[in-house]
Amino acid sequence: MDSQFLPIVQSCTEKFGAKASEFRGEVTLLIPAEKIVEACRTLRDDFAFDMLSVETAVDYYPQTEPRFHIVYILYSTITHSFLNLRAPVGGADPEIDTVETVWPSANWREREIWDLFGIRFKGHSDLRRIMMPPNWEGHPLRKDYPLGYEEVEFTFNYKEISLQKPRGQR
Amino acid sequence: MREIHEFTLDELRHLFSPRAQTGETMVLNMGPQHPSTHGVLRLIVELDGEIVVNCVPDIGYLHTGIEKNMESKTYQKAEVMTDRMDYLFTIGNNLAYSLALEKLTGLQPPPRADAVRVILTELSRIQSHLIWIGTSSLDLAAMSVFLYAFREREMILDIFELVSGQRMMTTYIRPGGLWRDVPAEFDGMVRKFLDYLPRRLDEYEALLTKNPLFLDRTRGIGKIDTATCLQWNVTGPVLRATGLAHDIRKSNPYSGIEQYDFNIPTETSGDIYARYKVRVAEMRESLKIIRQALDKMPYGPVRDNNRKYVPPPRSEIGVSMEALIHHFKLWTEGFTPPPGAVYTPVESPRGELGAFLESNGGPKPYRIHFRTPSIPLLQALPLMAKGHFVADLVGIIGSIDIVLGDTDR
């Protein structure tokens, strides 16, 4: 691990119970969901991570506890380094605190996560759908959301498919 | 067929000032089909007379589910989707994806591939800036620059067509290197363009830089400062126009771009005029990088030799059994990188373009997310537009250079 990350990892482990890991030179801290806002604020104020570069989510579907990981990638314009944070969120009623208070840019990112993953953000100022139409059902980027396609017609299933089509009475 | 949901003002109450409820200010819809929005962007604008009190961007009209689609394709096949995101920086999208995959698998593109990658992404940056200078000055009623800029852009698209057979959606940069080596005419064509463009840039500057009509429409308009940019994660020329020399090419270099000598142009005023100056200067810097990369371009292979990830050349398939097996396996089953998550940023003409890629050890990306520069830019648009005229709002949208394909993915 790069030496500049050592004090960050040490401080986050002590204060927030973070678990550090490293993959291909990228440091990732797994932080409990209830402490994420506090951790983000500490990292911004004490370690100069002044930009929230990415906020997104990953769905580990069949697994329920935790089903989701919220991924935050922080960037420091002073040390030019990236730091990954991950917060696990359960599958039953996915909810996590918003980091909008720390970085306002999280606003749309969290709207996108709510729209596409159905994870609610407590305290968010404007939690509406952003990509999908407002009356859309379901959350498309979840792994249990079907991809949706039209079955290819062959001679053996021609009638079957043909009947399902809107025009389908022949 | 779902019914179309129409927002009521009551639903958006928290976004507008209380004066909108009483009818003192007017809430007006702008877009999604409006020529000055550079794509399908809808703005809900609250106006006090002709002054913008607030504006609420409404995006998603170009949402094509690229991230979901890529999850169902093997790594090689998923790459063609990346071209369709930011349609003015297609080669850079390929690069961000390929770099992420290379970081995940440990592939090493050879030096020649790196040089070609740099040349093509910088050409792509110039191409994007040319479109920007054309369309944004068209918004400010300068018609002729638009026509000139598209003439120059044609030369770059011809170079892309020469190397990849496609003018825009090239898919030329592949994980592990390039699709194939550049043809012999490449060097001459790029050099011709390098000699041609500086004079043209002087022409544009003669048309715009000291034009009083242009100055009136751009100076002091759409201002933003560095601290706000960092809070709202605004990157690229908009951030550099506020005075912070932040560029991924310098701070986190990729594809050997650190070996070339170039500057990061900055301005301090943070208005539309500063963004214009920064972008024009950036085009000249890109020309410098391309010239150095052409002069230094080494000979050699353009792909990594790891056959477990990179398909063998066509010439080998006819004579080598193993090459045939590898080819068949790669194009049917795909390859399986180790499990893990990586993030790789590149500098797009609009800012930081990053690919977050998570693999679970299977042949398809488990999760891929693109951090696109247009989203934060558009999110910060209300901050820049408040207190200006509606006509200036159009100029501000032009100046931040959004691409809606990039925003909505």
In this structure, is A:W136 under 20 Å from A:H69 (Cβ atoms), modelled with pLDDT of 75 or more and of a type outside the set (D, E, K, R)? no
Step by step: first the residues of region B:318-353, then only those that are in contact with a strand residue (DSSP E or B) (Cβ under 9 Å, 6 or more places away or on another chain) and either among the hydroxyl-bearing types (S, T, Y) or part of a helix (DSSP H, G or I) (or both), then the one that is nearest to the other protein chains (Cβ to nearest Cβ). Which residue is that? B:Y343
May I ask you to list pairs of residues, at least six apart or on different chains, whose Cβ atoms are under 7 Å apart, with the first in region A:132-147 being under 14 Å from A:R111 (Cα atoms) and free of Cβ contacts under 8 Å to residues at least 12 places away in the same chain and the second being part of a loop (DSSP other than H, G, I, E, B) and among the small types (G, A, S)? none
Select, from A:D59, A:D50, A:D45, the only residue that is among the acidic types (D, E), more than 27 Å from B:F370 (Cβ to Cβ) and within 14 Å of chain B (Cβ to nearest Cβ). A:D45
Filtering helices (runs of 4 or more DSSP H) wholly in region B:225-315 for at least 3 residues that are charged (D, E, K, R) gives B:272-296
Examine region B:180-194 for a residue that is under 28 Å from B:P311 (Cα atoms), under 18 Å from the mean Cα position of the chain (by Cα) and buried (at least 20 other Cβ atoms within 10 Å of the Cβ), and state whether such a residue exists. no
Go through region A:72-83 and give me each residue that's part of a strand (DSSP E or B) and more than 7 Å from chain B (Cβ to nearest Cβ). A:Y72, A:L74, A:Y75, A:L83
Given the criteria at positive phi, more than 14 Å from chain A (Cβ to nearest Cβ) and either of a type in the set (A, V, I, L, M) or not in a helix (DSSP H, G or I) (or both), does B:A141 qualify? yes
Could you list, in sequence order, all residues of region B:128-148 that are surrounded by fewer than 18 Cβ atoms within 10 Å (Cβ to Cβ) and hydroxyl-bearing (S, T, Y)? B:S144, B:Y148
Out of (1) within 28 Å of B:N211 (Cβ to Cβ); (2) of a type in the set (D, E); (3) in contact with a Ser or Thr (Cβ under 8 Å, 6 or more places away or on another chain), the one B:E154 does not meet is (3)
Go through the residues of region B:24-36 one by one and say whether even a single one is within 11 Å of another protein chain (Cβ to nearest Cβ), part of a strand (DSSP E or B), in contact with a strand residue (DSSP E or B) (Cβ under 6 Å, 6 or more places away or on another chain) and not small (G, A, S). no
Filter region A:62-71 for residues that are out of contact with any helix residue (DSSP H, G or I) (no Cβ under 9 Å at 6 or more places or on another chain) and either facing another protein chain (nearest Cβ under 10 Å) or in a strand (DSSP E or B) (or both) and give the result. A:H69, A:V71
Here the qualifying pairs (Cβ atoms under 7 Å; residues six or more apart or on different chains; first in region B:124-148 and without any contact (Cβ under 8 Å) to a residue 60 or more places away in the chain; second surrounded by fewer than 24 Cβ atoms within 10 Å (Cβ to Cβ) and polar (S, T, N, Q)) come out as B:F146/B:T135
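Please enumerate the residues belonging to region B:368-408 that are in a helix (DSSP H, G or I), hydroxyl-bearing (S, T, Y) and in contact with an Asp or Glu (Cβ under 8 Å, 6 or more places away or on another chain).
Filtering region B:368-408 for residues in a helix (DSSP H, G or I) gives B:374-379, B:381-385, B:390-400, B:404-408.
Still in the list and also hydroxyl-bearing (S, T, Y): B:374, B:399, B:407.
Passing the criteria: only B:S374.
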Enumeration of residues in region B:227-247 that are among the β-branched types (V, I, T) and more than 16 Å from A:H80 (Cα to Cα): B:T228, B:V238, B:T242
Just to be sure, is B:I91 surrounded by 23 or more Cβ atoms within 10 Å (Cβ to Cβ) and within 10 Å of chain A (Cβ to nearest Cβ)? no
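The values are calculated or read from the model by the stated rules, or taken from the named source; none is laboratory data. These numbers come from a predicted model, not from an experiment. Glycine gets a Cβ as well: all are built from the backbone with ideal geometry, and neighbour counts include every protein chain shown.
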